[in-house]
């Protein structure tokens, strides 16, 4: 997928016009359809898989381990693997940090769920594998051409995986402040508890958005900025010619950090990178506020449906 | 969200399903998913079945399974002809009953039960496995977990126990339906009876139309039920003990708490050792403390048995104490307890105990003894019970006179021979009959509300004091395997039997070719009189250059005992031969021990020879090891050898060789003593048996002749030479023996006694210093004092132990007592398994044959060593107990002797006296000595003042020489014949 200068120019023109036309015909606040499933890795505490129609795919596995407490920030470890690329590439560690920090910052009350006793916590290992549509075209372990920004897709995956994560049930005393006990657990997998308990009365609370989303993992949305226009979930073509990228987090019914600019063009050609206005950010936040609740509701449907693979059409 | 477990058919007859569970180990929690395969061709093993023989498939060895279940099983009115399906609780509690020949034939053991039993108790599992293997009892294991028809998956929120119970019930149901459907129509109806002691499970079974009964009810309904009822163990369900809540022991901590505590160092784990003088005091050695922790009182001991693996917690400092100076015997403490009901309710500790504890506490807080205060602890968990079969007898007090003839089942106490163990409550119909008999009991449980552990009768050994019952009792008490060798073991012996000969052709196979022919050497053996298992022989010859060629020839047992044979397994299990006064329990079958391996005179025998070249000062110039063939010229007894050496008229080469050996051995001994070898003493006695009646005649202290030490010195030399060689060849797994230096704390009390009473001391700086200081401790007034001190010093020593060389660093190999850097046992392979291993390793080291894997693997070697250490210890105890019994019998015949004795221990309410002539020690209680109230115990000076029977004031202290009258009395509590000592 390599565009000639005129093709790129054409794309830029159509996206930057007052009534922009996206190459795949989406509205500017419309996401691409995904196919998602959860709990497909039998050995993980929680897992998810998301596929896009262009063939890219993200697989998340979440495993837990009992650890002695040190600091809360140590309780989540995230490992990101992209295709067969080397893991010491700058942008991979950048992305890892964005994902991990958004989890840590928005996990606040959830650390309580990981707490076993006064001394012991569950530590979560989030393993992310992203297979891009262009992985076959790569020649070396450092060749990053045509790599689309996967942050949004990965955050959806983590959202699903965390919501499907089950933790073993502690049966020993949870207060071991004075007398230390080695944690012991119920050996029955069906007695495990969900990290994010599913609300039985979801139907009733459906209208009350804040309450419903009160305990959900954070989501990240990637926007591409072309002049004054913003496009949610940009495709690889749109990313190639964006002035700039913007990532906005959303959690528990409101926009949260990170709100950061991004370089969406991994090919390295910097001719289109231009930066953005402050107005872009405000508009971006507005757009996310309109869209995010629907996305999280859609993802919750997948979780409720359990193991079945669900094809989410471009309803967003 | 329930976890729906998918099933997937792989092929016809094979289905796969998934098991998902949480593995919680060492505080972790891992999700484990495993695939589980189900098949449809698992047979029912019933001879009555017409279908299963058709579908059954051969195993990997192309063997078809054996259909063991009879087509006409036992008939009972209530159940008809029936098979029994066992529940786990039945196997765990009533394995003895299952092994009974008169009941429980045609039994189905579901795999679920087998696995549960394995997880709960490995010894019982092996016994159950043995039952299933032997055909006579017709036990069949049905692999219900792998059968498509009987596999059940765990339901939501179902505990694993409930799931297993359901699986077993499903198994019963399957068998009943299967038999109804596929039974050969010529055969009578066969029912399936589920025997289970869990009422809930039985009710559920009954609900599903399965015939289910408790063990007691089932046995009662059998035609021969009456006779069997006594063997039914005590259990929660069924006619259990109707006793009130007698007491309340503290509950054990949860496993989580125990593991957490051990991990963070607030709880300690170890094996408890209960004092034989005071059943309410135990000690536990924990690496974290220099001195052992003391555990005092019934509540703190918290239902532990001597030898249990326990977890303890320290008590607050205010409760720390000095070790008790009092003798406390259970019989005196609880003499009035009635087995049928408990004592006064709601009482945790009896007042007597409380007073005793109070006294202890006061003493601990008193200033002058504060230096001796030791930390105390309480038991908060038991990780491994040491429960085995125990020998004892029914306490007469606990069986009411009027009920002795009645046949009703009733509770009574069994007093065990081991005084450090509590009495056990059993329920029997035959209490009257069993009075006055040595009986074997098993312990079932010790509920926290019961003052005594609960058990059941296993078998009777015969009348108390009969030789046969007492011998069997002491073998059982020391877990010595005394059953005859099994057929499989005997099959490993040479087919020629006693006619086996060393081959005449020496160019036969490669192994014969590797042997050296030493038949021209003038070899002889020197052993105790009447010795038939001769495992060593010697020769010496002067070389032309004036040096000496000395050979030690050891019976070549490993030529017959090959690794990985049943014979080898049996030897490894027994570990050692056990020598009792009137009996020998062999490690290897008699054919080998007393004939084929035994280095008998005048015949050719295979041997393993160590040949040294020694100079005139007995320094080793050269050492060689050979597999060989020898012909012993003569088998001497120590006395005869001594006579021959002393007889100047004997000038033949054999005698000259023996003189040279004696000469060299004296030099070797001097070298050893110079290096710091210890000369310790134990009051060893020998009982002379009247050969006609097998009644013990008299007791004498073992005499040592120069020829004893001749043999001993060369055996030590051989052992050391072999140890060096095998350590060179196998630095990680060489079978060695070490003797650790005793920690100074062991000698503290003895040294304090010496300082106070005799103004002497023992130095512990090195074994040399210890040996020298022992030599210095001589009391001119009392020639026996030095020997007494050596006896007491021996008791402060560490026990020597076998170990694979990889377990310690070279510096720790040291044998303290022998003052040798490295040591092993090589010279008695007929009666010690260590020597067998050493032989194999040496044979491999000299390239004679390759070494079996089990002797090259560190873990396997550690297991072997652990076992032979235990067996070795038990054999020693059994031997001593046997002597004690016979000494008691001798006393019976010559009563009221007055003998010399020495006080070796002083308690506040009694003394312990050792009588060297008989090698016995006995306790004299204060009440017997004189007026108990006037007694004053001075623990600083180890002395006790009291007014004797005549009202005269008397003070006696440790090391003092006393005259005692020895009476042989039957201890009313243990029915052990004991020497009762009375001060004269």
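Every number here is computed from the coordinates shown, using simple stated rules; none is lab data. These numbers come from a predicted model, not from an experiment. Positions of Cβ are generated from backbone atoms using ideal geometry, with glycine treated the same way; all protein chains shown enter the neighbour counts.
Taking every DSSP helix (H) stretch of at least 4 residues in chain B, weighting each as -39,500 (n - 2.57) and dividing the sum by the residue count yields a mean residue ellipticity at 222 nm of -9000 deg cm²/dmol.
From the alpha carbon centroid of segment B:25-80 to that of segment B:6-22 is 18 Å. Of the peptides A:132-143, B:760-771, the order by per-residue mean of other Cβ atoms within 10 Å, starting with the highest, comes out as B:760-771, A:132-143. Measuring from a point 7 Å past the Cα of residue B:673 along Cα-to-C-beta, which residues in segment B:803-844 have an amide N at less than 17 Å? B:817-820, by backbone N distance to the label point.
First measure r as the distance between the Cβ atoms of residue B:963 and residue B:435, then evaluate 1/(1 + (r/R0)^6) with R0 = 35 Å and state the FRET efficiency to the nearest 0.05. Once rounded, the FRET efficiency stands at 0.40. May I ask you to derive the FRET efficiency for residue B:928 and residue B:486 from their Cβ-Cβ distance with R0 = 60 Å, giving the value to the nearest 0.05? Efficiency for this residue pair is about 0.75.
Counting Cβ atoms of other protein chains within 10 Å of each Cβ in B:256-263 and taking the mean gives 6.
If the segment from residue B:900 to residue B:122 were pulled out straight at 0.36 nm per residue, it would be longer than the present Cα-Cα gap by 275.1 nm. Segment B:630-684 and segment B:458-493 have Cα centres spaced 37 Å apart. Would you mind checking segment B:545-583 for residues with the amide N under 15 Å from a putative spin-label position 7 Å along Cα→C-beta of residue B:849? It comes to B:555-569, nothing else. The long axis of helix A:278-305 is offset from the longest Cα principal axis of chain A by roughly 50 degrees. Site pair residue B:602 and residue B:708 shows an inter-label distance of 3.0 nm when each label is modelled 7 Å from Cα along Cα→Cβ. Shape verdict for segment B:106-174, please, from the Cα gyration tensor: rounded (a/c under 1.5), prolate (a/b greater than b/c) or oblate. The shape class here is oblate.
If the segment from residue B:821 to residue B:729 were pulled out straight at 0.36 nm per residue, it would be longer than the present Cα-Cα gap by 31.4 nm.
Shape verdict for segment B:41-136, please, from the Cα gyration tensor: rounded (a/c under 1.5), prolate (a/b greater than b/c) or oblate. Taking the square roots of the gyration eigenvalues as a ≥ b ≥ c, segment B:41-136 is oblate.
For peptide A:189-195, the mean count of partner chain Cβ atoms within 10 Å of a residue's Cβ comes to 5. Each of residue B:880 and residue A:27 was given a label point 7 Å from its Cα along the Cα-to-Cβ line. The distance between the two points is 9.5 nm.
Inter-chain neighbour count for B:18-24: the average number of beta-carbon atoms from partner chains within 10 Å of each residue's beta-carbon is 6. Take the Cα of residue A:81, step 7 Å toward its Cβ, do the same at residue B:208, and the gap between the two points is 4.4 nm. Rounded to the nearest 0.05, what FRET efficiency do residue B:646 and residue B:573 have when you use their Cβ-Cβ distance and R0 = 56 Å? It comes out at approximately 0.80. Taking a ≥ b ≥ c as the square roots of the eigenvalues of the alpha carbon gyration tensor, chain A is prolate, as a/c is not under 1.5 and a/b beats b/c. The tail of the calculated P(r) for segment B:895-983 beyond 20 Å holds 32 percent of all Cα-Cα pairs. Using alpha carbon centroids, what distance separates segment B:528-607 and segment A:94-133, in Å? Between the Cα centres of segment B:528-607 and segment A:94-133 lies a distance of 70 Å. Between residue B:12 and residue B:162, the contour length at 0.36 nm per residue exceeds the Cα-Cα span by 50.9 nm. Counting only DSSP beta bridges whose two residues both lie in segment B:69-231, roughly 10 percent are antiparallel.
For chain B, the extents of the C-alpha atoms along the principal axes are 92, 85, 59 Å, listed from largest to smallest.
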